[in-house]
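Working notes, beginning with the structure itself.
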Amino acid sequence: MSLVIGNKAPDFELSDQHGVKVSLASFRDKKNVVILFYPFSFTGTCTGELCEIRDDLSAFQNDAVQLLAISCDSIFSQRTFSEAQGYKFPVLSDFWPHGNVSKAYGVFNEDRGCAIRGTFIIDKSGILRWQVVNGMGDARSVIEYKEAIAAL
């Protein structure tokens, strides 16, 4: 499934690393949302990308923008991963039903059972404004989505 810029983004509700339910709709009319899908917790590229964001968090999570990181790892893995790395943003579990949100966003890799690297920016109205999908081993350019956030 391919999402179209200018269309409504698929809504979802997932548990974060603390078991708190987080929905895309809860940010409607309040904040723009950056959704960052990643393959696996505790892997080199994924950890590096999320740590780069952690170290410049105010560009991705502030009064106008909320960051949501999502993988198909369990909530327990997400908690341990986020605590080990000091993440101060929601790390959501798309574990069960396995990969349903990743599938809705067109970034689920059936062969590996995980999300690939997809980044989606949704405005306060719930409309998809920007997206980029990278391969499993292809790190993202943080600069590109910082520019996309600034353009909102």
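The values are calculated or read from the model by the stated rules, or taken from the named source; none is laboratory data. All of these numbers come straight from a predicted model, not from anything done at the bench. Ideal geometry is used to build each Cβ from the backbone, glycine not excepted, and the neighbour counts take in all protein chains shown.
Candidates in the range 109-118 are the residues that are free of Cβ contacts under 8 Å to residues at least 60 places away in the same chain and either among the charged types (D, E, K, R) or in a helix (DSSP H, G or I) (or both); of these, the one that is farthest from V34 (Cα to Cα) is D111.
Considering the range 1-54, the residues that are in contact with a Gly (Cβ under 7 Å, 6 or more places away or on another chain) and modelled with pLDDT under 95 include one that is surrounded by the fewest Cβ atoms within 10 Å (Cβ to Cβ), namely S2.
Scanning the range 124-147 for residues that are of a type in the set (A, V, I, L, M) and not in a loop (DSSP other than H, G, I, E, B) yields I127, L128, V132, V133, V142, I143.
Whenever a residue of the range 79-104 is within 13 Å of T47 (Cβ to Cβ), its partners that are part of a loop (DSSP other than H, G, I, E, B) and at pLDDT 95 or above, lying with C-beta atoms within less than 6 angstrom and at least six residues away or across chains, give the pairs S82/Q17; V91/Q17.
Against the condition aliphatic (A, V, I, L, M), crowded, with 16+ Cβ neighbours inside 10 Å and outside any strand (DSSP E or B), how does I121 come out, does it pass? Considered against the rule, which asks whether it is aliphatic (A, V, I, L, M), crowded, with 16+ Cβ neighbours inside 10 Å and outside any strand (DSSP E or B), I121 comes out as no. Scanning the range 100-147 for residues that are farther than 24 Å from S58 by Cβ and of a type in the set (D, E), we see that the one that is nearest to the chain's Cα centre (by Cα) is D138.
Taking the range 24-41 as the range and being closer than 25 Å to H98 by Cβ and in contact (Cβ under 8 Å) with a residue 40 or more places away in the chain as the test, the residues that pass are L24, A25, F27, V33, V34, I35, L36, F37, Y38, P39, F40, S41. Within the range 78-108, if we keep just the residues that are assigned to a helix (DSSP H, G or I) and β-branched (V, I, T), the residue that is surrounded by the most Cβ atoms within 10 Å (Cβ to Cβ) turns out to be V101. Please determine, by comparing only the residues of the range 124-138 that are in contact (Cβ under 8 Å) with a residue 24 or more places away in the chain and within 20 Å of E49 (Cβ to Cβ), which one is surrounded by the most Cβ atoms within 10 Å (Cβ to Cβ). Out of the qualifying residues, it is Q131.
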